[in-house]
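Read-outs: derived from the displayed coordinates by stated rules, not from any lab. Please read all numbers here as calculations on a predicted model, not as lab measurements. Don't worry about glycine lacking a Cβ; one is built from the backbone with ideal geometry, like all the others, and counts go over all protein chains shown.
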Amino acid sequence: MAKVKGTIVVDIEKCKGCEICVTACPTSVISMSVEVNGKGYPYAYLNDPDGCTGCSNCAIVCPDGVITVYRQKIG
Amino acid sequence: MAEKVVNQEMIKPENLVYQKTKVLNDNVMHYCPGCGHGTAHRIIAEVIEEMDIQSEIIGIAPVGCSVLMYNYFNVDMQEAAHGRAPAVGTAVKRLLPEKFVFTYQGDGDLAAIGTAETIHACNRGENITMFFINNGIYGMTGGQMAPTTLEGMKSSTSPYGRDIPMMGNPLKMTELVAQLPGTCYVTRQAVHDPSHVRKTKKAVRKALEYQKKNMGTSFIEIVSNCNSGWKMAPVEANNWMVENMFPFFPLGDLKVPEEK
Amino acid sequence: MEEYKLMKGNEAIAEAAIRAGTDGYFGYPITPQSEVMEYLMAEKPHERTGMVVLQAESEVASINMLYGGAAAGKKVFTSSSSPGVSLMQEGISYIAGAELPCLIVNVARGGPGLGTIQPGQADYFQATKGGGHGDYNLIVLAPASVQEMADFVSLSYDLAFKYRNPVMILSDGAIGQMMEKVKFKEQEPRMKTPPDWATVGKPADRGPNIITSLDLDPARQERFNHKLQEKYKKIREKEILFEEIDCEDADYAFVAYGTSARICQKSMQLAREEGIKVGLFRPITLWPFPYEQVTRLSKKIKGMLSVELSAGQMVEDVRLAVEGKIKVHHYGRMGGMIPTPEEIVLALKKQIIGG
């Protein structure tokens, strides 16, 4: 079976740090940054390049629509 | 766009599986972090894009937190007076019957000051789609008690909790409009987690499809959070909503049209 | 050529509206204007021209339906009477603030409160000084006959669309209910192309049209208010309508509109039979008020009596125009009472000539 791998791109300056994506991620690969963006919010980022499956759960719960998702079959 | 990119090599158009719909523009929404309004806006916009009706739809914004929603949608919109969106939408649809019309209102707007307009639009069976965002509080004015504030729930005008003998009962507007002959589709949904977002989006699609078929009023309540008004962090607010709001405002379809 | 018809003022408004190419009527029954919607429903304008007629759940809903219809670029109107028009004030303010064209007919009755169902002119302040919140003005037309009830409908739409501003026809229960001969214009087609600002669905080649009266940025809101005031200034300069009857040789003048103006015409005749030279100045636009024209007249005569079915509202504008140069008084009856021509002559003698 082909494995899928994904990644996300977070629009950092538009992220408000609500963390709803963190709880929505089935593989727990989203964390909140220590540093803050221009608005003073910590922002979401992918903490494990191999753990993301590109399922889009984080993006579809994001109230601000700041997450773009890519997915690729490997192997 | 500032970003912290991981797996750079995957970022190619052919690998794209999700991006924000073009029916929303790039303005940063003014909503508080984690507010359900943003998600509700986005899935309505996604359905508009998927149905390819961007040039045929007119939205009616309310008074409340979403008063400025027309700043985010790439569709023609009108801003109604407090509670009057169903009356405004009624006229637009009757005068432009070939177009799609949706209203979007909060609980204060739809279920308090605009109760008459809501009930009569639904009872006449106006062929519009009504979105009702219920977070049990007046968010924009600073967290006052709403018609849907739960018993015992604290707000700035029920600081010791909603006391039923003194303040009256919370109103189940969606159950009420489901009784009316003019509504064809009445459902209560939520947008706090991926599965509910997907379900709500399906409901939005159905509602607009029913409008296309002139089947009457379609009414979608979205039970939502108000982190600021509830004085909770976003994730905590969503958990509180699941535990406290859903038992009183149970999710699911209240009325579905008979399949022909 | 079309023949005269014998009709009530309220019915004449309704027929004229169909012929003016109205797209939608939204209203709620209230005496003494219910014939407007009754006539429309009986005439089936949806078959004649495709016009929508809807009985709303309240005046509040009616005026907000007008907002929606006007924002969709359509020709829309509503009609009501004083208490109902009070209910509409919030919506009228929004319509003015969103710069939407529409027609609001007030077939006024005696007040305050539920008042009475007989004719009144005590809504002058409400109609001409704003009525709702914020700095705005309606264009206000005051018909004095059934013919003018009909004629002012298309005039209202012309002004409303020219300036993107709500227009009110301020009539009263007497003119609404009375039957007179009236001749109508030919049927005009309904508008085919919406104005470019209308919310009709956003085509790909333009940005979204937004109809709103909200701007949270106070500097921008102030600029918008300045723009509104510029528009009102232009309307004041260009759109004043009035009528002068027998003012050339007059020593005195009645100032009156609508039903009062009709009674004053008889009073003029009675006064002239007694050798008192009286003219009649009839403002047709109550806003913009013909201040300059009243000023000009005041320079030729000795006194003015403002005759109104109220405790004296328009008289304040007459006094502003006259600037204390000659005597100005008010005579009126209230709460649905109508003065006789004789009592107006008596009032002229007591308050102006002998006073």
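Data overview
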{"quantity": "Rg over Rh [alpha-carbon atoms, Kirkwood Rh] for chain B", "calculated": "0.97"}
{"quantity": "Volume per residue of the C-alpha convex hull in chain C, rounded to whole Å³", "calculated": "145 Å³"}
{"quantity": "Expected-Rg normalisation [2.2 N^0.38 Å, Cα atoms] applied to segment B:149-260", "calculated": "1.21"}
{"quantity": "Shape of segment C:242-353, Cα gyration tensor, a/c cut at 1.5", "calculated": "rounded"}
{"quantity": "Cα-derived Rg to Rh of segment B:84-187, Kirkwood definition", "calculated": "1.04"}
{"quantity": "Residue pairs, from the table C:Lys300/C:Lys350; C:Lys299/C:Lys325; C:Lys277/C:Lys300, whose Cα atoms sit over 19 Å apart", "calculated": "C:Lys300/C:Lys350"}
{"quantity": "Inter-site label distance for C:Lys266 and C:Asn225 at 7 Å from Cα along Cβ, in nm", "calculated": "4.7 nm"}
{"quantity": "Table column - 3J(HN,Hα) (Hz), segment C:337-353, Karplus curve with 6.51, -1.76, 1.60, x for Gly and Pro", "calculated": "7, 10, x, 7, x, 5, 5, 6, 4, 4, 5, 4, 5, 6, 8, 10, 6"}
{"quantity": "Long-range HN-HN contacts of B:Ile222 with modeled amide H, under 5 Å", "calculated": "B:Phe132, B:Ile133, B:Asn134, B:Gln189"}
{"quantity": "B:Glu175/B:Arg198 FRET efficiency (R0 30 Å; Cβ-Cβ; nearest 0.05)", "calculated": "0.80"}
{"quantity": "Pairwise label distance in nanometres, C:Lys233 with C:Lys183, each label 7 Å out on the Cα-Cβ vector", "calculated": "4.1 nm"}
{"quantity": "Sequence-distant residues sharing a close amide H with C:Met178 (under 5 Å, placed H)", "calculated": "C:Gly9"}
{"quantity": "Hydrodynamic radius (Kirkwood) for segment C:66-165, which is based on Cα pairs only, to one decimal in Å", "calculated": "13.9 Å"}
{"quantity": "Sites A:Glu13 and C:Glu323, calculated FRET efficiency, Cβ-Cβ separation with R0 56 Å, nearest 0.05", "calculated": "0.35"}
{"quantity": "Segment A:3-74 pair-distance distribution - Cα-Cα, 5 Å bins, rounded %", "calculated": "3, 20, 30, 24, 14, 5, 2, 0"}
{"quantity": "Solution diffusion estimate, µm²/s, Stokes-Einstein, segment B:132-193, Kirkwood Rh from C-alpha pairs, 20 °C, viscosity 1.002 mPa s", "calculated": "165 µm²/s"}
{"quantity": "Percent of C-alpha pairs per 10 Å bin, the protein assembly as shown, short to long", "calculated": "3, 14, 21, 21, 16, 11, 7, 4, 2, 1, 0, 0"}
{"quantity": "Pair A:Lys39, B:Asn27: separation of 7 Å Cα→Cβ label points (nm)", "calculated": "1.4 nm"}
{"quantity": "Sites matching GluC sites (Glu not before Pro) across segment C:1-96 that sit in DSSP coil, with at most 15 neighbouring C-beta atoms within 10 Å", "calculated": "C:Glu2, C:Glu3"}
{"quantity": "Förster-model FRET efficiency, 56 Å R0, C:Glu3 and B:Lys212, C-beta, rounded to 0.05", "calculated": "0.75"}
{"quantity": "For C:Tyr331, residues with placed amide H under 5 Å, excluding near neighbours", "calculated": "C:Ser306, C:Val307, C:Glu308"}
{"quantity": "Partner lysines for C:Lys181 [C-alpha distance under 18 Å; skip if fewer than 8 residues away on the same chain]", "calculated": "C:Lys5, C:Lys8"}
{"quantity": "Residue among C:Leu286, C:Leu216, C:Leu170 with the largest mean-square fluctuation in a Gaussian network model of chain C, springs linking Cα atoms under 10 Å", "calculated": "C:Leu216"}
